[in-house]
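Trainee: A single structure is presented below for examination.
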Amino acid sequence: MKNLIGHNSPLNPQETIQKNITRKKPILDREPQFFNGVPIPSWIELSLIDACNRSCNFCPKFDEKIAPNTYNKMEFDLIDKLVLDLIDINYEGAFCLCGYGEPMLHKDYLKIVNKLAAVGPVEIITNGDVVNKSSLLKIYRSNASRLLISLYDGPEQLEKFQKMIEETGVPKEFVILRDRWYSDKIDFGVKLTNRTGTIEIGNQPEVNIKQECYYTAYQVLIDWNGDVFLCPQDWQRRNAMGNIMQKKFFDIWNGKILSKYRNKLLNGDRSLSPCNSCNADGTVYGTNHYLAWKKLI
C-alpha cells in the first residue's frame with residue numbers, strides 16, 4: 001500500500017497511537033490560558049448523540065445494559081449557550097466531536113461544527129460508515145478543522161478512503177485514517193482503558209488509585225443534554241459536574257464539584273467514584289495545565 005494517510009508504512013498500531021499523541025500535544029499541552037486568574041481548558045469534547053451504529057467489543061456500547069442507544073441528541077440552544085459562555089471567557093481552545101456516540105448520526109452535525117468554529121478549531125472523529133464522497137466534501141467545505149476516521153474492518157478500508165479522498169480532491173492532510181482493526185492481543189490498535197470499570201477485554205493495566213490524573217486540568221466532556229463530565233473515560237455518567245443549560249461554563253469549570261475532583265486527582269488521589277475504578281494513565285496530555293493548577297491548589 002502507498003500514501004497511507006495519517007499512518008506508518010508498514011502499519012504499526014503502537015506507532016499510530018504515538019502519532020496521534022504527538023499530533024494532539026501542541027493543542028492540549030499549550031501554555032494555559034487564564035480567566036480571572038484560573039487556568040481554563042484547551043480541549044472540549046462534545047457528545048452530540050447518544051447512539052452508535054457499531055458495537056465494538058472494546059467500547060461500552062457493546063453492552064446495551066451499560067450504554068444503550070437512546071438516540072437523544074444535542075439541540076442548538078445548548079450549542080448557542082455554550083458558544084456565548086466561551087466567548088465570555090475568551091476561550092481559545094479546540095473542540096472534538098466524539099463522546100458517547102457517532103457524531104455523524106446527528107443530522108445537524110455540520111451546523112453545530114460551524115457554530116463552534118466561530119470560537120475554535122473543531123475535529124470530527126467518526127467510524128466512517130456514513131462517509132461518502134458527498135459527505136466528505138460537505139465536511140471539508142464546512143468549518144471543520146480535521147476529520148479523523150477510525151477503520152475497524154481491515155486494511156481494505158484504507159484503499160477505499162484513499163480513493164475517495166483522491167477523487168474528491170480533498171487535501172490529504174485534512175483527513176487522518178486510523179487503523180483500529182487489530183485483535184485484542186495488541187489492544188485493537190487503540191490506547192485501551194477500562195472506561196471507569198465498564199470494560200475488561202484486552203491487556204488492561206491495573207487500577208491505581210494513587211496515580212495522578214491531569215484530565216480535569218485541561219479538558220471536559222459535555223453530553224447531549226448539557227451535563228458536564230470529568231473526562232471521556234467516564235462512561236458511567238453518574239456524577240455530572242453541572243449542566244450547561246443551568247450554569248455558565250466557567251462556573252462549572254471552577255465550581256465546587258469539579259474543583260473537589262481536580263484537587264484530589266492532581267494530588268494522586270483517585271478515591272472518588274468513578275475515578276476509583278479507572279485505569280487510564282491520565283498524564284499523557286495536560287502537563288502545563290497541571291503545573292498551573294498546582295500553583296493554585
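The values are calculated or read from the model by the stated rules, or taken from the named source; none is laboratory data. Computed from a predicted model, the values in this text were never measured in an experiment. Using ideal geometry, Cβ is built from the backbone for each residue, glycine included, and neighbour counts are taken over all protein chains shown. Calculation scope for accessible area: heavy atoms of the full protein, side chains included, ligands and nucleic acids excluded. Shrake-Rupley method; radii C 1.70, N 1.55, O 1.52, S 1.80 Å.
Trainee: Tally up the residues in the range 227-265 that are of a type in the set (A, V, I, L, M, F, W, C), farther than 20 Å from Pro68 by Cα and not in a loop (DSSP other than H, G, I, E, B), please. Quick ask: steps written out before the conclusion?
Mentor: So in the range 227-265, the residues of a type in the set (A, V, I, L, M, F, W, C) come out as 228-231, 235, 240-241, 244-245, 249-250, 252-253, 257-258, 265.
Pick out the ones that are also farther than 20 Å from Pro68 by Cα and you get 230, 241, 244-245, 249-250, 252-253, 257-258, 265.
Of the ones still in play, those that are also not in a loop (DSSP other than H, G, I, E, B) are 249-250, 252-253, 257-258, 265.
Counting residues in the range 227-265 that are of a type in the set (A, V, I, L, M, F, W, C), farther than 20 Å from Pro68 by Cα and not in a loop (DSSP other than H, G, I, E, B) gives 7.
Trainee: Looking at (1) open to solvent by 20 Å² or more (accessible area, probe 1.4 Å); (2) modelled with pLDDT under 80; (3) in a loop (DSSP other than H, G, I, E, B), find the lone condition where Glu31 falls short.
Mentor: Glu31 satisfies all of (1) open to solvent by 20 Å² or more (accessible area, probe 1.4 Å); (2) modelled with pLDDT under 80; (3) in a loop (DSSP other than H, G, I, E, B) except (2).
Trainee: Would you check which residues across the range 204-249 are of a type in the set (Lys, Arg) and in contact with a helix residue (DSSP H, G or I) (Cβ under 7 Å, 6 or more places away or on another chain) and list them? It would help to see each step written out before you state the result.
Mentor: The first filter runs over the range 204-249 and keeps only residues of a type in the set (Lys, Arg), leaving 210, 237-238, 247-248.
Once the filter is applied, which keeps residues that are of a type in the set (Lys, Arg) and in contact with a helix residue (DSSP H, G or I) (Cβ under 7 Å, 6 or more places away or on another chain), the range 204-249 yields only Lys248.
Trainee: State all residues of the range 35-71 that are surrounded by 15 or more Cβ atoms within 10 Å (Cβ to Cβ) and polar (S, T, N, Q); if no residue qualifies, say none.
Mentor: Hits for the range 35-71 are Ser42, Ser47, Asn69.
Trainee: Search the range 68-86 for residues that are touching a residue at least 12 places away in the same chain (Cβ under 8 Å) and pair each with any residue that is hydroxyl-bearing (Ser, Thr, Tyr) when their beta-carbon atoms are under 8 Å apart and the residues are at least 6 apart or on different chains.
Mentor: Met74/Ser47
Trainee: Here is a follow-up. Out of Asn143, Asn127, which single residue is open to solvent by 30 Å² or more (accessible area, probe 1.4 Å) and more than 25 Å from Phe34 (Cα to Cα)? Spell out the reasoning first.
Mentor: Details: Asn127 fails: open to solvent by 30 Å² or more (accessible area, probe 1.4 Å).
Every option except Asn143 fails the conditions.
Trainee: I'm told Lys163 meets every condition in (1) in a helix (DSSP H, G or I); (2) touching a residue at least 24 places away in the same chain (Cβ under 8 Å); (3) of a type outside the set (A, V, I, L, M) except one. Can you identify the failing condition by its number?
Mentor: Checking Lys163 against (1) in a helix (DSSP H, G or I); (2) touching a residue at least 24 places away in the same chain (Cβ under 8 Å); (3) of a type outside the set (A, V, I, L, M), the one that fails is (2).
Trainee: Those residues that are closer than 30 Å to Tyr152 by Cβ, among the acidic types (Asp, Glu) and at pLDDT 95 or above, I need them from the range 60-89; list them, please.
Mentor: Result: Glu75, single match.
Trainee: Taking into account only those residues within the range 39-59 that are of a type in the set (A, V, I, L, M, F, W, C) and under 14 Å from the mean Cα position of the chain (by Cα), which is modelled with the lowest pLDDT? Lay out the reasoning, then the answer.
Mentor: Going residue by residue through the range 39-59, those that are of a type in the set (A, V, I, L, M, F, W, C) are 40, 43-44, 46, 48-49, 51-52, 56, 58-59.
If we keep only those that are under 14 Å from the mean Cα position of the chain (by Cα) as well, we get 43-44, 46, 48-49, 59.
Working: Trp43: 97, Ile44: 98, Leu46: 98, Leu48: 98, Ile49: 98, Cys59: 86.
Residue satisfying both the conditions and the ranking: Cys59.
Trainee: Would you check which residues across the range 165-189 are modelled with pLDDT of 85 or more and surrounded by fewer than 17 Cβ atoms within 10 Å (Cβ to Cβ) and list them?
Mentor: So in the range 165-189, the residues modelled with pLDDT of 85 or more come out as 165-178.
Within the range 165-189, Glu166, Glu167, Thr168, Gly169, Pro171, Lys172, Glu173, Phe174 qualify.
Trainee: Regarding Gln219, is this residue crowded, with 22+ Cβ neighbours inside 10 Å and within 17 Å of the chain's Cα centre (by Cα)? Give the steps one after another, and end with the answer.
Mentor: Values: crowded, with 22+ Cβ neighbours inside 10 Å: yes; within 17 Å of the chain's Cα centre (by Cα): yes.
Taking the combined requirement at face value, the residue satisfies it.
Trainee: Same structure again: Please determine whether any residue of the range 102-121 is outside any loop (DSSP other than H, G, I, E, B) and either more than 18 Å from Ser47 (Cβ to Cβ) or touching a His at 6+ places or on another chain (Cβ under 6 Å) (or both). Lay out the reasoning, then the answer.
Mentor: Of the residues in the range 102-121, the ones outside any loop (DSSP other than H, G, I, E, B) are 103-105, 109-116.
Okay, now just the ones that are also either more than 18 Å from Ser47 (Cβ to Cβ) or touching a His at 6+ places or on another chain (Cβ under 6 Å) (or both), so 114.
Checking the range 102-121: at least one residue is outside any loop (DSSP other than H, G, I, E, B) and either more than 18 Å from Ser47 (Cβ to Cβ) or touching a His at 6+ places or on another chain (Cβ under 6 Å) (or both).
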